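Engineer: Take this structure first; my questions come after.
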Amino acid sequence: MAEHPAYPVGLRLSGRRVVVLGAGQVAQRRLPALIAAGADIVLVSPEATPSVEAMADAGEITWVRRRYEDGDLAAAWYALIATSDPDANTAASAEAERHRVWCVRSDDADRATAWTPATGHSEGVTVAVLTTEARGRDPRHTAAIRDAVVEGLRDGTLVAPHHRTRTPGVALVGGGPGDPDLITVRGRRLLAEADVVIADRLGPRDLLAELPPHVEVIDAAKIPYGRYMAQEAINSALIEHAKQGKSVVRLKGGDPFVFGRGMEEVQALAEAGIPCTVVPGISSSISVPGAAGIPVTHRGVAHEFTVVSGHVAPDDERSLADWPSLAKLTGTLVILMGVDKIGKIAETLVAHGKSPNTPVALVQEGTTAAQRRVDATLATVAETVRTEDVKAPAVIVIGEVVTVGPQPLA
Ligand SMILES: C[S@@+](CC[C@H](N)C(=O)[O-])C[C@H]1O[C@@H](n2cnc3c(N)ncnc32)[C@H](O)[C@@H]1O
């Protein structure tokens with residue numbers, strides 16, 4: 001075959017017959033994309049890997065349990081030839097040529113009439129990378145280029161503004177617990193596209209340093225609030241910037257709806273008629289214990305976990321938590337914003353029936369370079385917090401799960 005470059009094209013296979021010969025690793029890797037494309041897939045193979053078999057059981061493909069026979073490709077629009085029998089592959093590609101069916105061959109790219117590119121997806125775009133020539137094809141190199149492009153689009157290091165779809169408004173983005181790698185792909189992309197970012201003290205602050213110079217970064221804690229409450233001042237800053245036609249990201253620690261006042265911001269934006277999207281985040285309530293080696297549930301130990309705010313003491317009339325009932329739960333208690341009040345909290349839990357020996361761990365600044373874990377029991381935690389000088393932000397975990405991980409912790 002002449003050494004011309006391949007002509008790239010996107011096949012629209014929905015409802016069209018695609019014949020796959022062979023059901024080994026190659027077919028297993030390629031089938032999901034063919035299924036996603038809506039192809040009418042006929043698989044011809046005497047055996048199949050368990051995953052391919054599961055696709056047949058689920059009705060995603062039609063499996064003909066025999067070897068390839070001449071005529072199998074007659075009604076196909078496209079064929080994937082990947083049997084372990086080189087003679088069958090040769091015969092099948094000759095048949096494909098005869099019927100003018102484009103075919104890829106797993107064993108001999110040179111004799112194929114089509115090549116499968118390395119593909120990836122990001123926000124409605126498919127990135128497909130092909131080498132120019134069959135000889136010297138280097139699948140790892142094409143895959144690496146694909147990865148670099150897709151990763152770049154996802155994390156915002158490759159900025160491709162959405163000229164048609166980008167609308168002004170506010171994105172409420174959960175930034176995760178602090179490690180910049182723990183924000184979602186969507187959150188990171190929105191951050192890269194923002195004109196204005198209003199950020200909290202908690203969350204992935206390192207990401208702010210990476211933003212291009214034209215992005216205005218506002219520290220939510222420093223917005224002057226005069227006659228307003230701080231939250232009202234943040235709401236009106238969001239509204240004001242969005243009304244100027246800017247893309248605004250409200251970057252919050254953890255998840256916006258876990259003690260994050262996210263819904264108050266959503267409501268204020270709705271009242272002002274500003275479009276708002278919410279991007280969930282990894283909450284510190286689960287991820288920070290995990291980062292310190294503590295699972296919030298564990299088989300045979302804890303079948304539930306309860307996340308409670310400890311920002312007011314149990315005897316404070318503003319507290320909405322039912323501490324006597326919490327003391328009776330057998331699972332894990334996770335307390336956020338509780339460092340200052342942990343003495344009172346521990347006392348109340350013990351007074352209502354929890355054992356004073358119940359293990360407690362405090363994880364300060366979890367997932368950041370400054371992470372540290374301090375262990376105690378309900379009886380000793382108040383004193384430990386003082387002597388060890390534990391400071392907010394910290395997640396407090398109470399329950400037997402504290403001791404199930406390997407000790408000492410890495
Ligand atoms: C106002 S709440 C916000 C929670 C956040 N929306 C979430 O889902 O993680 C703040 C509390 O979260 C906890 N927190 C958040 N990030 C943390 C981190 N990296 N390490 C320890 N605790 C953290 C602390 O208990 C802190 O006082």
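Where a number appears in this text, it was derived from the coordinates with a stated rule and is not lab data. Nothing here was measured: the structure is a model prediction, and the numbers come from that model. For neighbour counting, all protein chains shown are included, and Cβ atoms are generated from backbone atoms with ideal geometry for every residue, glycine included.
Engineer: What are the ³J(HN,Hα) couplings of segment 175-188, residue after residue, when phi is run through the Karplus curve with 6.51, -1.76, 1.60 and θ = phi - 60°? Round to Hz, x for glycine and proline.
Structural biologist: For segment 175-188, the Karplus-derived couplings read x, x, x, x, 4, x, 6, 9, 8, 6, 4, 5, x, 5 Hz, x marking Gly and Pro.
Engineer: If you line up the long axis of helix 230-243 against the longest principal axis of the chain, both from Cα atoms, how many degrees apart are they, to the nearest 10?
Structural biologist: With rounding to tens, the tilt is 30 degrees.
Engineer: Between residue 4 and residue 221, what length in nm is gained on full extension when 0.36 nm per residue of separation is reduced by their alpha carbon distance?
Structural biologist: Answer, rounded to one decimal: 72.1 nm.
Engineer: Further, regarding this structure: Between residue 355 and residue 267, what is 0.36 nm times their sequence separation minus the Cα-Cα distance? Round to one decimal in nm.
Structural biologist: 27.5 nm
Engineer: What value in Å³ per residue do you get for the convex hull of the alpha-carbon atoms in the chain?
Structural biologist: 209
Engineer: Quick one: angle between helix 139-155 and the longest Cα principal axis of the chain, in degrees between 0 and 90, rounded to 10, please.
Structural biologist: For 139-155 against the chain, the angle is about 40 degrees.
Engineer: Please report the antiparallel percentage of DSSP beta bridges with both residues in the chain, rounded to the nearest 5.
Structural biologist: 35
Engineer: Classify segment 269-310: rounded, prolate or oblate, from the alpha-carbon gyration tensor (a ≥ b ≥ c, eigenvalue square roots; a/c under 1.5 rounded; otherwise prolate if a/b is larger than b/c)?
Structural biologist: Taking the square roots of the gyration eigenvalues as a ≥ b ≥ c, segment 269-310 is prolate.
Engineer: As a footprinting exposure proxy, order 173, 374 by other Cβ within 10 Å, with the fewest listed first.
Structural biologist: If I rank by nearby Cβ atoms, fewest first, I get 374, 173.
Engineer: Could you give the size of the charge dipole of segment 288-405 about its Cα centre, using +1 on the Cβ of each K and R and -1 on the Cβ of each D and E, expressed in debye and rounded to the nearest 20?
Structural biologist: 220
Engineer: Please give the FRET efficiency for residue 67 paired with residue 320, using the beta carbon to beta carbon distance and R0 = 60 Å, rounded to the nearest 0.05.
Structural biologist: Taking R0 as 60 Å, the efficiency between residue 67 and residue 320 is 0.30.
Engineer: Next question, about the same structure. Select from 58, 331, 302 the residue farthest towards the positive end of the dipole of the chain; place +1 on Cβ of Lys and Arg, -1 on Cβ of Asp and Glu, and compute about the Cα centre.
Structural biologist: Result: 58, furthest along the dipole toward the positive end.
Engineer: A further question on this structure: Kindly express, to the nearest 10 degrees and within the range 0 to 90, the angle between helix 342-351's C-alpha long axis and the longest C-alpha principal axis of the chain.
Structural biologist: Helix 342-351 sits at roughly 80 degrees to that axis.
Engineer: In addition: With +1 on the Cβ of every Lys and Arg and -1 on the Cβ of every Asp and Glu, and nothing else charged, how large is the dipole of the chain about its Cα centre, in debye rounded to the nearest 20?
Structural biologist: Roughly 480 debye for the chain.
Engineer: Any chance you could run the full-extension gain for residue 97 through residue 115? It's 0.36 nm times the residue separation minus the Cα-Cα distance, nm to one decimal.
Structural biologist: Extra length available between residue 97 and residue 115 comes to 5.0 nm.
Engineer: Can you sort 11, 34, 80, 208 by how many other beta carbons sit within 10 Å, fewest first?
Structural biologist: Ranking 11, 34, 80, 208 by Cβ neighbours within 10 Å, fewest first, gives 11, 208, 34, 80.
Engineer: In which sequence would 99, 4 go, from the one with the fewest C-beta neighbours within 10 Å to the one with the most?
Structural biologist: Fewest to most other Cβ atoms nearby, the residues stand as 4, 99.
Engineer: Let me ask something else about it. Gap in Å between the Cα centre of segment 269-287 and the Cα centre of segment 143-217?
Structural biologist: 15
Engineer: Here is a follow-up. Which of the lysines could a cross-linker bridge to residue 243, judged by Cα under 25 Å and excluding same-chain residues fewer than eight apart?
Structural biologist: The qualifying lysines are 222, 252.
Engineer: Using +1 at the Cβ of each Lys and Arg and -1 at the Cβ of each Asp and Glu in the chain, identify which of 319, 290, 220 lies farthest towards the dipole's positive end.
Structural biologist: Result: 220, furthest along the dipole toward the positive end.
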